[in-house]
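The values are calculated or read from the model by the stated rules, or taken from the named source; none is laboratory data. Because the structure is a prediction, the values reported are computed rather than measured. We place every Cβ from the backbone using ideal geometry, glycine too, and count neighbours over all the protein chains shown. Areas reflect the complete protein model, heavy atoms only, side chains present, ligands, DNA and RNA absent. Shrake-Rupley method; radii C 1.70, N 1.55, O 1.52, S 1.80 Å.
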Amino acid sequence: MITESVIKEIYKNYNKPPKHREELNLQYFIDLLKPHHNLVADDMEIVVEDLDDCNPFKRFLIRGLTAILEFDRNVAFVFHDHILFFSKHDSNLNVNFKPDSQGFLAKLFRSDK
């Protein structure tokens, strides 16, 4: 099970992109998730074909990935301010936002005083 303390450690230990894209082992994880998630990768981005076009997580740049981690039930695509958890057993996709993140959504929903 992925707990809050595990998530904090992920953000702490994987806060910078790898030096070489090959370290992500991207094709292995795309193949692993293929039975339940339709992921398509090119040189620049990954597209989650199962999601609606208006979903903000439908496509993401590979250069933004800091790590891809495999757990018992999930594969985590780690970014600086959020993590996408793809289930290995069904089509579920969960998102975790870094609590102190000032990313796009935080800026969008902030209240100016």
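Observations, loosely collected:
- For segment 70-99, a tally of residues being in contact (Cβ under 8 Å) with a residue 40 or more places away in the chain, part of a loop (DSSP other than H, G, I, E, B) and touching a helix residue (DSSP H, G or I) at 6+ places or on another chain (Cβ under 9 Å) returns 4.
- Among the residues making up segment 18-35, a single one is in a loop (DSSP other than H, G, I, E, B) and open to solvent by less than 50 Å² (accessible area, probe 1.4 Å): 18.
- Scanning segment 47-85 for residues that are among the polar types (S, T, N, Q) and under 12 Å from the mean Cα position of the chain (by Cα) yields 66, 74.
- Residue 91 fulfils the conditions (1) under 27 Å from residue 5 (Cα atoms); (2) open to solvent by 90 Å² or more (accessible area, probe 1.4 Å) except for a single criterion, (2).
- Flag if residue 67 is touching a Pro at 6+ places or on another chain (Cβ under 8 Å), assigned to a strand (DSSP E or B) and open to solvent by less than 60 Å² (accessible area, probe 1.4 Å): yes
- Subset tally (residues that are part of a loop (DSSP other than H, G, I, E, B), within 23 Å of residue 18 (Cβ to Cβ) and in contact (Cβ under 8 Å) with a residue 24 or more places away in the chain) for segment 36-64: 2
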